[in-house]
1. Rg to Rh for the stretch 54-99: what is it, with Cα atoms only and Rh by Kirkwood?
2. If I build a Gaussian network model for the chain, linking alpha-carbon pairs within less than 10 angstrom, which residue out of Val59, Val12, Val33 has the largest mean-square fluctuation?
3. State the Kirkwood hydrodynamic radius of the stretch 2-108 in Å, one decimal place, computed from all pairs of distinct Cα atoms.
4. May I ask you to list the chymotrypsin sites (Phe, Trp or Tyr not before Pro) in the stretch 1-59 that are in a DSSP loop and have at most 16 other Cβ atoms within 10 Å of their Cβ?
5. Stretched out fully, how many nm does the piece from Met37 to Asp73 gain, at 0.36 nm a residue minus the Cα gap?
6. Evaluate the relative contact order of the stretch 2-108 (contact order divided by residue number), counting alpha-carbon pairs under 8 angstrom at least 6 apart; express in whole percent.
7. About the Cα centre of the chain, what is the dipole size in debye to 20, counting +1 per Lys and Arg Cβ and -1 per Asp and Glu Cβ, all else neutral?
8. Average projected area of the Cα convex hull of the stretch 1-52, in nm²?
Amino acid sequence: MAMIGEKWSIQVLFELRNGPVRFNELRRILTPVTQRMLSSSLRTLERNGLITRTVHPTVPPQVDYSLTAAGTDLNTAIHQIALWTETHGPAIAAARADYQKCEVSRVSA
């Protein structure tokens, strides 16, 4: 969980779902991510086998990133969690409101 818990990793995985994306395009899409933070996130994802980095022999060199099979599987799981959140979000919000009312009552008593 720690490898994907970092703020930008999930968003990078999401943006790569439709195929390879170049670094600068990711940076534009993920504004306000800094170049340093994006580079760090990409290195971590690559080190963990979730994305691949391809350098094209052009001048200047072009680099793009794409999902590995493991990254694609993780993206599917993340999508399921997002759907679960959408489905259960209202009930969670109601439970939090009820809990807050109980806390206020308990403190007041």
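1. Rg/Rh: 1.41.
2. Comparing Val59, Val12, Val33 in a Gaussian network model of the chain, the most mobile one is Val59.
3. 16.0 Å
4. Here no chymotrypsin sites (Phe, Trp or Tyr not before Pro) fit, given the DSSP loop and packing criteria.
5. Answer, rounded to one decimal: 10.6 nm.
6. 25 percent
7. Here the chain has a charge dipole of around 300 debye.
8. Reported value for the Cα convex hull: 3.3 nm².
We did not get these values from a lab; they are worked out from the coordinates using the rules stated. Since this is a predicted model, take the numbers as computed values, not measurements. Please note: Cβ atoms are built from the backbone with ideal geometry, for glycine as well, and neighbour counts cover all protein chains shown.
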